[in-house]
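The values are calculated or read from the model by the stated rules, or taken from the named source; none is laboratory data. Remember, predicted model here, so these are calculated numbers, not experimental data. We place every Cβ from the backbone using ideal geometry, glycine too, and count neighbours over all the protein chains shown.
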């Protein structure tokens, strides 16, 4: 809708950009952004404006403010991965997905905050501090939260965004931008999307280029898309997907961008409900919501069947082995020699390497490197890495079997709970939290399948809860069509934020309408 | 020390205070049985030794760009001027396989009679070093591109061109891998300088099974491999420019007993040094074992000045390289005529059969043809091919002269080649072109000059200057006089001139 507004001249790209930037400033306390690229954004907006005046916009995304997770390379703009290792690192090139957005005329507002090197499920373990969930400051949450004492203020009560793409999720959720890029390795886009009440799409592995995405697990990472509605996600997907010669793991097939039909008849759909996703720790609230959603489909005429993905329970340990192994390998390049932080220790190359890496990485990263190297040792390789690869094959085959039996799309919860307060979250360490929080999202990364979080309802605490749809390989159109239908049914409420309200009401209408397509 | 093959490995030096005497280092004390089998006990009554030599050869692939990135491959460019983002391991960069490198490896595999694996895989080999920016090298550890080949090589016994021995060494495998950068240690300033120009250049690692037994064999095998690579064009294989690097694995054992502990010898910069290094190491190990010591499984460097191997400081203990599949590169799939899918774009695939059909004549074939067409001896064909450009030169001369090739070859090998060698010239730099030489030989053939005069003419030709042989002959009045009457007249003049005596 905002795109239409731009086209019709009801608002200009520059105005839009300025409003978003002003909102970024007034929501600084969320800590969603690490770097705000004001100058370049305004320049891009100006260029876009000229195109609109000529009547030649590049496309739907022309002039649309977007944000990008800080593990994507952006030329000329600091790329830190929220780590001391890359503080001050100015990338000399754009990630392919960033380039594609810019080529479409999108306006890059800045780089969003994350867990260091995307390791975590809270966006709390980065060098620039934790990201706060905008819903912590929403009327909906504040009304429901009961202060424990008079002296307590909202400062200590704020809830996490989930992670690791928490900054991107918060940025979209708080209206500072219309779309954001995240990354998804174990759920890092869908998890914060669920907690922040936005749409989070994990595309099929191999559909979107990873060139320029600083890798966590090369065999599972995908760029993720965060937007306020499913249609927007489809538009962004359309501009990003396709073969990239610079990424040998992207498929060669031609990709055709698509518009999502407005599904009215779901009777031909078969929805699968995997029973293993009724995981221990799943809140009764979410269980009920999941059930309600299944009924929604049933009542509309779709076939809803219980299915089994028997190896789901092994995915977390399997992930732990494969992820740490790849991390140990991927992080080996950070030695301070060519780029990034370099320690002052200069007694020898080895000591410089060791000091640089100790100083540059937080303990989460260091822990995973140590574990990963352990699993890759000659004497352990067979028992850990190879075994985990075999288990991965089993997990992937579970899905193959289920989809082959006629299931179109799987419906599952995205998270076990709604967002927890930060103070509570940090009581457990990163590894424990990740193991708990990734359980419903991780398997889709193992199998390379597309999956999407759609905000479904508010919890009793007034916080967003989402549900997840998992689709067949490269069948994003079908997946998003079903997601869009569901979105229409649930009519998830708009966040009521003070800061957003303060903006000029008339212009705000465009943003409040939650979509740009 | 017994030279040439057919002798027996013995200690051929006085036992000194330390290891083998320095005098030994300069000599080739090589002696190994041509059959490579068990050798009877020597005069000294000591049990004989069987040396076992295997080789790991890294050949830089001759290509415009590197194995996984688009930066150029060039020798001696300004430091760090040929480095792409990927080569510098900038975060977020990904490898993209270079097709030309794959073709080079397939060509080489076919030329070495290997089975080409239609599916091969890439792996990461991890270790930390300043010249390895990513902290790992991309190589092919699990399934390399080619396996189970063989290489026939020949060498002359007793250096005498008369007896050629041909042997075969098995090729275990050929794998594609990245070259590392170069690091230079500046001890005075306590710093290390790193040049990444070479980082990421494509290499073919050729692993030769331990079927060789001495320096001469190793040298001959590498020489033949070098010729093959140069003929194929898959590598320029110039050792001096680091395009061909050889590491030798050496061990000794008594016949009938299990193989001994092996050492790895590195830092060998020429084929000549390879022979020396291997022979030295064999002797060193024999000495060590006979004096009650043990051979350590270590890496040693060849010191060309001293002619010895010394332990390398860098390698402490065994490295665990933590091999892991390279997740950013799908399996490498090659096709042949049978397996090629119908709708596949020809540009997108590597077709083994297509490459096979276009292989040039290998050195062994070339030599056989030279022998067959020109009637020269087999050992001559070796010499012709061993010298860059000499075979062409020979053939050009043959084309332009009436002299029979069997005679031409003598002039080529004895006169031309020895002159070039004496003056450290390559065939390309020869002051006498094939045209001039052919001209000269024609004069001889037509009996227009005597063989004595010919030597003078040749000496004059070597000076360069562009004079044709005929011009030189006329200048120096070296013509052979065939006319009987003229000869009688000259003799008469001489006799008359001496009448007085």
Just name the residue that is farthest from residue B:114 (Cα to Cα) out of those in the stretch B:339-359 that are free of Cβ contacts under 8 Å to residues at least 12 places away in the same chain and part of a loop (DSSP other than H, G, I, E, B).
-> B:343
Candidates A:467, A:463 - the one that is within 30 Å of residue A:401 (Cα to Cα), in contact with a helix residue (DSSP H, G or I) (Cβ under 7 Å, 6 or more places away or on another chain) and crowded, with 18+ Cβ neighbours inside 10 Å = A:467
Of all residues in the stretch A:335-355 being in a helix (DSSP H, G or I) and within 11 Å of another protein chain (Cβ to nearest Cβ), the one that is nearest to residue B:79 (Cα to Cα) | A:349
Selection status of residue A:383, surrounded by fewer than 21 Cβ atoms within 10 Å (Cβ to Cβ), more than 29 Å from the chain's Cα centre (by Cα) and more than 13 Å from chain B (Cβ to nearest Cβ) = yes
Can you tell me which residue within the stretch A:57-76, out of those that are assigned to a strand (DSSP E or B) and within 11 Å of another protein chain (Cβ to nearest Cβ), is farthest from the chain's Cα centre (by Cα)?
-> A:74
Candidates B:292, B:260, B:256, filtered to the one that is touching a helix residue (DSSP H, G or I) at 6+ places or on another chain (Cβ under 8 Å), farther than 19 Å from residue B:219 by Cα and in a loop (DSSP other than H, G, I, E, B) | B:260
Index of the failed condition, residue B:328 passing every other in (1) surrounded by 15 or more Cβ atoms within 10 Å (Cβ to Cβ); (2) within 14 Å of chain A (Cβ to nearest Cβ); (3) in contact with a strand residue (DSSP E or B) (Cβ under 6 Å, 6 or more places away or on another chain) = (3)
Screening B:63, B:152 for residues that are within 13 Å of residue B:201 (Cβ to Cβ), away from chain A (no Cβ under 14 Å), at pLDDT 95 or above and touching a helix residue (DSSP H, G or I) at 6+ places or on another chain (Cβ under 8 Å) leaves only B:63
What number of residues within the stretch A:409-430 satisfy the criterion of being within 30 Å of residue A:207 (Cβ to Cβ) and not in a loop (DSSP other than H, G, I, E, B)?
-> 6
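Can you name every residue in the stretch B:133-148 that is away from chain A (no Cβ under 14 Å) and closer than 29 Å to residue A:334 by Cα? Full working, then the answer.
So in the stretch B:133-148, the residues away from chain A (no Cβ under 14 Å) come out as B:140, B:143-148.
Those that are away from chain A (no Cβ under 14 Å) and closer than 29 Å to residue A:334 by Cα: B:140, B:143, B:144.
In the stretch B:98-131, what count of residues is obtained for those that are assigned to a loop (DSSP other than H, G, I, E, B), within 12 Å of chain A (Cβ to nearest Cβ) and either in contact with a strand residue (DSSP E or B) (Cβ under 7 Å, 6 or more places away or on another chain) or surrounded by 24 or more Cβ atoms within 10 Å (Cβ to Cβ) (or both)? Give the steps one after another, and end with the answer.
Going residue by residue through the stretch B:98-131, those that are assigned to a loop (DSSP other than H, G, I, E, B) are B:98, B:112-114, B:117-118, B:121-122, B:127-131.
Imposing the further condition that a residue be within 12 Å of chain A (Cβ to nearest Cβ) reduces the set to B:98, B:122, B:127-131.
Subset that is either in contact with a strand residue (DSSP E or B) (Cβ under 7 Å, 6 or more places away or on another chain) or surrounded by 24 or more Cβ atoms within 10 Å (Cβ to Cβ) (or both): B:98, B:122, B:130-131.
Selection size over the stretch B:98-131: 4.
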Return a yes/no flag: does the stretch A:313-334 have any residue that is surrounded by fewer than 20 Cβ atoms within 10 Å (Cβ to Cβ), assigned to a loop (DSSP other than H, G, I, E, B) and either within 14 Å of chain B (Cβ to nearest Cβ) or touching a residue at least 12 places away in the same chain (Cβ under 8 Å) (or both).
-> no
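Quick check on residue B:329: is it in a helix (DSSP H, G or I), in the same structural domain as residue B:117 (by the TED database) and within 30 Å of residue B:100 (Cβ to Cβ)?
Values: in a helix (DSSP H, G or I): no; in the same structural domain as residue B:117 (by the TED database): yes; within 30 Å of residue B:100 (Cβ to Cβ): yes.
In short, no.
Just name the residue that is farthest from the chain's Cα centre (by Cα) out of those in the stretch B:58-91 that are assigned to a strand (DSSP E or B) and buried (at least 23 other Cβ atoms within 10 Å of the Cβ). Lay out the reasoning, then the answer.
Residues of the stretch B:58-91 assigned to a strand (DSSP E or B): B:58-60, B:65, B:72.
Next, only the ones that are buried (at least 23 other Cβ atoms within 10 Å of the Cβ) stay: B:59-60.
Values: B:59: 11, B:60: 13 Å.
Restricting to residues being assigned to a strand (DSSP E or B) and buried (at least 23 other Cβ atoms within 10 Å of the Cβ), the top hit is B:60.
Only one of A:194, A:171 is farther than 28 Å from residue A:13 by Cβ, away from chain B (no Cβ under 14 Å) and either touching a strand residue (DSSP E or B) at 6+ places or on another chain (Cβ under 6 Å) or assigned to a loop (DSSP other than H, G, I, E, B) (or both); which?
Details: A:171 fails: farther than 28 Å from residue A:13 by Cβ.
Going through A:194, A:171 in turn, just one is farther than 28 Å from residue A:13 by Cβ, away from chain B (no Cβ under 14 Å) and either touching a strand residue (DSSP E or B) at 6+ places or on another chain (Cβ under 6 Å) or assigned to a loop (DSSP other than H, G, I, E, B) (or both): A:194.
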Would you pick out the residues in the stretch A:221-260 that are surrounded by 24 or more Cβ atoms within 10 Å (Cβ to Cβ), assigned to a loop (DSSP other than H, G, I, E, B) and within 14 Å of another protein chain (Cβ to nearest Cβ)?
-> A:221
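Got at least one residue in the stretch A:29-47 being within 14 Å of another protein chain (Cβ to nearest Cβ), at pLDDT 95 or above, out of contact with any strand residue (DSSP E or B) (no Cβ under 7 Å at 6 or more places or on another chain) and surrounded by fewer than 17 Cβ atoms within 10 Å (Cβ to Cβ)? Steps first, please.
Taking the stretch A:29-47 as the starting set, the residues that turn out to be within 14 Å of another protein chain (Cβ to nearest Cβ) are none.
Among the residues of the stretch A:29-47, not one is within 14 Å of another protein chain (Cβ to nearest Cβ), at pLDDT 95 or above, out of contact with any strand residue (DSSP E or B) (no Cβ under 7 Å at 6 or more places or on another chain) and surrounded by fewer than 17 Cβ atoms within 10 Å (Cβ to Cβ), which makes the answer no.
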Restricted to the stretch A:94-143, and to residues that are within 30 Å of residue A:59 (Cα to Cα) and part of a strand (DSSP E or B), which residue is farthest from the other protein chains (Cβ to nearest Cβ)?
-> A:107
If you scan the stretch A:77-93, which residues turn out to be more than 10 Å from chain B (Cβ to nearest Cβ) and either out of contact with any helix residue (DSSP H, G or I) (no Cβ under 8 Å at 6 or more places or on another chain) or surrounded by fewer than 24 Cβ atoms within 10 Å (Cβ to Cβ) (or both)?
-> A:77, A:78, A:84, A:87, A:88, A:90
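Can you give me the number of residues within the stretch A:445-457 that are part of a strand (DSSP E or B) and more than 16 Å from residue A:161 (Cβ to Cβ)?
Taking the stretch A:445-457 as the starting set, the residues that turn out to be part of a strand (DSSP E or B) are A:451-457.
Of the ones still in play, those that are also more than 16 Å from residue A:161 (Cβ to Cβ) are A:451-452, A:454, A:456-457.
Going through the stretch A:445-457 one residue at a time, the tally reaches 5.
Quick grid of which residues meet (1) away from chain B (no Cβ under 14 Å); (2) over 15 Å from residue A:316 (Cβ atoms); (3) in contact with a helix residue (DSSP H, G or I) (Cβ under 7 Å, 6 or more places away or on another chain):
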{"site": "A:374", "(1), (2), (3)": "no, yes, yes"}
{"site": "A:379", "(1), (2), (3)": "no, yes, no"}
{"site": "A:391", "(1), (2), (3)": "yes, no, yes"}
{"site": "A:394", "(1), (2), (3)": "yes, no, yes"}
{"site": "A:421", "(1), (2), (3)": "yes, yes, yes"}
{"site": "A:426", "(1), (2), (3)": "yes, yes, no"}
{"site": "A:437", "(1), (2), (3)": "yes, no, yes"}
{"site": "A:456", "(1), (2), (3)": "yes, yes, yes"}
Just give me the residues in the stretch B:472-501 being closer than 30 Å to residue B:418 by Cα and modelled with pLDDT of 80 or more, in sequence order.
-> none
In the stretch B:182-223, the residues that are touching a residue at least 60 places away in the same chain (Cβ under 8 Å), within 14 Å of another protein chain (Cβ to nearest Cβ) and either buried (at least 22 other Cβ atoms within 10 Å of the Cβ) or out of contact with any strand residue (DSSP E or B) (no Cβ under 7 Å at 6 or more places or on another chain) (or both) | B:196, B:197, B:199, B:200
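List the helices (runs of 4 or more DSSP H) inside the stretch B:385-501, counting only whole elements, that have at least 2 residues being touching a helix residue (DSSP H, G or I) at 6+ places or on another chain (Cβ under 6 Å). Explain how you work it out, then say what you get.
Numbers: elements: B:390-400, B:405-410, B:417-422, B:434-445, B:451-462, B:469-476, B:484-497.
Fully inside the stretch B:385-501 and qualifying: B:390-400, B:405-410, B:434-445, B:451-462, B:469-476.
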Just checking, which of B:74, B:43 is more than 14 Å from chain A (Cβ to nearest Cβ), at pLDDT below 95 and under 30 Å from residue B:164 (Cα atoms)?
-> B:43
